[in-house]
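This report concerns only the one structure given below.
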Amino acid sequence: MRRIFLAAASITALSAQSALAQTNPQPGGDPQANGQEIVVTAQKRSQRLNDVGISIVAASAEQLQSAGVTDITSMAKVVSGFTAAKSTYGFQIFSIRGIGFNSNQASATPTVSSYIDEAALPYASMTAGLLLDVDHIEVLKGPQGTLFGQNATGGSVNVIAAKPTEYLDVGGQFSVNHFGGVELLGHISGPLSDTLRARLAFSTNQFGEWQKGYFATHAKHGDQNRGAARLLLDWQASERLKLSVNVNGNYDHGDSQLLQLQRSAPQNPANEQSELANYPLPHSARAAEADDMKRNRNHLFQAVGRADYEIDDNLTLTSITNFVKNKNDTLVDTDATVFHGGAVNPKSNLRSFNQEVRFTGKIPEAEVHYILGVSYQKDKIGENVFSVINNSSSLPPVSFDTVFTGTNRAAAIFGNVDWEFIDKLTLTAGIRYTATRQTTKGCTRDTGDGSWAGFLTAIADFARSTQGLGPIVPIAPGGCASLDDSMSLPGGLRSFEPTSLSAAQKEDNVSWRIGLNYKFAPDSLLYALVSRGYKSGGYPVYDVVIASQANQVSQEQLTSYEAGIKTDLLDRHVTLSAAAFYYDYRDKQFFTYGNVPPLGVVSTEVNIPKSKATGAEADIQLRPFKGLTSRASFTYIRTRIGDYQGRDITTAIVDFKGNSFNYAPEWSGTFEIEYRSKIGGGLEAYVGGNALYNSKTYADLANSPDSLIKAYTVYDARIGIESAHGWYGSLWVRNLTDKYYWTSVGVGSDIIWRYAGLPRTAGATFGVRF
């Protein structure tokens, strides 16, 4: 039925396009190579890229497609210093310049914020359909707290959707790869009346089982079943009032990626499972096995309403109302084998409402541009993880369920000003005050079969006996089984009674920035910027066996010192940008492990008082002659933890001082080259390739060998043809050398696991534009 649907959708889309008489082919490749200015909205107003004193990577839809950037997780192909990893439960972890947060929670606030047309997607689990039908993306590096709020200490990813057009514009694209994966994209855009324009876009990804068993079975895994759609409406209600609506959604009913077994790591070495000890290890990206498999049931819906009212020629009032609803339901086989070791079923239900109102204006006679606004956000959070442990070196067969609800509220007032107080010299300054309130309530409970209740009752009785206390009332099947380990009894004794956790915290902060921009030539800029941003605190709520695991984590603070240059040379045949930076990092949040005998490994979160990062980056684009474009970029970061002792991936206590941040390769770089040539008959052929390099990094701050992520280089290649009549086709290979690499490492049921990068994938793409 899925193949029938795809065939019918393809025929319908292509038939509709063939019936249209108007053509409007879009330019391909590098916008600057086509004589176009790159315009960004990094400061919530349109500016030329080389006029903005911030480190920004801008990439058009055509550049993203050429580089094989299909979603936000592959954005490192065009943005050096950007990394995407996965937690145990499959949620994304984004980092820019080494600033990231590796939590298992769907509701974990990120260090890299994500936006679609200035409407926030406040949690990384909401970003699956972000790159549907885009015009371009803007990746801002460094703290962006003044205009984009908290939770942007690492940077911000701003996606600009392709907008409704004044003419009829229809397009479709079909791709297939050698694993049988199929992707279908399409859009239709145009006027509905003299004042109303609309654009409808959709995508679907199907099939493509790229993982397969390598020892006990030869079962295939990785089947896709994903879809996304977006409707945009732009209404020019009056000469000065414009109203816009963005309604979009996406789903994922396919397979989640399987963990790979890195090695057996029993929590009780004396009771190591022989099946794990003798299980062969995978030697390719495709090799992966599991005994528990379940399709994802992930959904997202977003509705955004925007109003722009020009009060006069120099002042605009903007209102953005944003609602997002996101549900996730997946399954992770945590033993990474066909044996029934253990599995987790994380579910989440996140709802977010945000309202922003701002004035954007200018004072022409004073050369001043300013923004003044307020923002309010309210989130409702529900998280539930069902865990089963069948074979463990330290636990009997048990099942338990972690259920938490919570809220997150944030209110802010912000302002920004750019003042050209001397010819070619502009002062930029911004400030934002944010007040937050967070609540959490829940516990880890028995699932009703009594296994976890009986086990935790025995643990509580043993812990109490060491303090001279009697046994507790047995925990009932289905009851809360998180144990209170606070010193709540006289004499500082711990009750270890089962408890339902309930907590709240209030925090506030002031983000700010101040900088100077010097335009020493029309297409050249020198800038210096000092800025401070914050990431909000929170509560770790997964698998809370003892109450102290869910202790609040306070907000973190990052102060950045940065200087850079942007310039176009030789009549735009060369474009160069470079920057150097220093980060003073306070109270860095870190997801880590603890050891609670005889339970073994438990998870928690902590603050690390002081850390720092130093780095430099450069991006150079060359267009030596017509048809040839090339681009190379690199990022160097040296990250260091201050005085701190913590636990490594095996829960051993180690000294973190001087260690690098996790998921923070010291060197990263991208390279791309493409040559285009007219071949007659309205046809243009091209050949190109790109490469991504990341030096080694670690998945934990202990920098232990088990958490090592080795250095890797991945090469892609492509060849294609485009017609002036609106059709195009290409052949491509991604990961040309079939490099076996991995992007994440973690602890499972008596194992160390890892997530592998995609293997070599060959495919073809065909599309039309009318």
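The values are calculated or read from the model by the stated rules, or taken from the named source; none is laboratory data. Please read all numbers here as calculations on a predicted model, not as lab measurements. With ideal geometry, Cβ positions are generated from the backbone for all residues, glycine too; neighbour counts draw on all protein chains shown. All accessible areas refer to the heavy atoms of the entire protein, side chains included, with ligands and DNA or RNA removed. Shrake-Rupley method; radii C 1.70, N 1.55, O 1.52, S 1.80 Å.
Let me check against my output: what whole-number percent is the relative contact order of the range 71-165, with C-alpha pairs under 8 Å and at least 6 apart?
Numbers: 205 pairs, mean separation 24.2, N = 95.
Rounded, it is 25 percent for the range 71-165.
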The chain - percent relative contact order, Cα under 8 Å, separation 6 or more: 12
Farthest toward positive dipole pole in the chain [+1 Lys/Arg, -1 Asp/Glu at C-beta], among THR195, ASN322, GLY492: THR195
Mean Cβ count within 10 Å, highest first, over the residues of peptides 69-78, 139-148: 139-148, 69-78
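What is the sum of charges around LYS710, taking Lys and Arg as +1, Asp and Glu as -1, for the other residues whose C-beta is under 11 Å from the C-beta of LYS710?
Local charge sum for LYS710: +3.
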Hits among lysines - C-alpha to C-alpha of LYS325 under 20 Å, sequence gap 8 or more where chains match: LYS347, LYS378, LYS380
Dipole of the range 36-107, positive direction: furthest Cα of ALA84, SER107, GLY53, with charges on the beta-carbon: SER107
Whole-number accessible area per residue in Å² for the chain, which is evaluated in the context of all protein chains at 1.4 Å: 39
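Roughly how many debye, to the nearest 20, is the charge dipole of the range 578-725 about its Cα centre, given +1 on each Lys and Arg Cβ, -1 on each Asp and Glu Cβ, and no other charges?
Working: 16 positive and 16 negative charges, 68 e Å.
That gives the range 578-725 a dipole magnitude of about 320 debye.
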With Cα atoms, 0 to 90° folded angle of helix 451-465 axis to the chain main axis: 60
Directionally averaged shadow of the range 165-217, computed from the convex hull of its alpha-carbon atoms, nm²: 4.6
Among GLY681, PHE766, GLY720 - extreme Cα towards positive end, dipole of the range 626-770, charges at beta-carbon: GLY681
The range 536-582, relative contact order in percent, only Cα pairs under 8 angstrom and at least six apart counted: 29
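Anything over 29 Å Cα to Cα? Flag those among LYS77/LYS710; LYS163/LYS535; LYS566/LYS710; LYS163/LYS294, in the order listed.
Values: LYS77/LYS710 18 Å; LYS163/LYS535 32 Å; LYS566/LYS710 33 Å; LYS163/LYS294 37 Å.
Among LYS77/LYS710; LYS163/LYS535; LYS566/LYS710; LYS163/LYS294, the Cα-Cα distance tops 29 Å for LYS163/LYS535; LYS566/LYS710; LYS163/LYS294.
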The range 485-544, dipole about Cα centre (Lys/Arg Cβ +1, Asp/Glu Cβ -1), debye to the nearest 20: 360
Computed helical MRE - 222 nm, the chain, DSSP H runs ≥ 4 contributing -39500 (n - 2.57), nearest 500: -2000 deg cm²/dmol
The range 110-255: equivalent-ellipsoid semi-axes (sqrt of 5 x gyration tensor eigenvalues, Cα, Å): 33, 24, 11
Size of charge dipole - the chain - debye, nearest 20, with Cβ of Lys, Arg +1 and Asp, Glu -1, no other charges: 180
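Count the net charge of all other residues whose Cβ sits under 13 Å from the Cβ of ASN278, scoring Lys and Arg as +1 and Asp and Glu as -1.
Values: positive: ARG263; negative: GLU272, GLU275.
Once positives and negatives cancel, what remains is -1.
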Under 5 Å, built H, 5+ apart or other chain: amide partners of GLU605: THR592
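Starting from the eigenvalues of the Cα gyration tensor, five times each then square-rooted, give me the equivalent ellipsoid semi-axes of the range 616-770, largest first, whole Å.
Ellipsoid half-lengths, sorted descending, are 42, 19, 10 Å.
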For ILE649, distant residues with modelled amide H under 5 Å away: SER704
Karplus-derived 3J(HN,Hα), 6.51/-1.76/1.60, for each residue of the range 413-427, Hz, glycine and proline x: 10, 9, x, 8, 9, 10, 10, 7, 7, 9, 3, 6, 10, 10, 8
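Using a 1.4 Å probe on the protein heavy atoms, what percent of the accessible area of the chain belongs to carbon and sulfur?
Working: 17900 of 30400 Å².
Carbon and sulfur together cover 59 percent of it.
Kirkwood hydrodynamic radius of the range 445-488 from all distinct Cα pairs, in Å?
In the range 445-488 this quantity evaluates to 10.7 Å.
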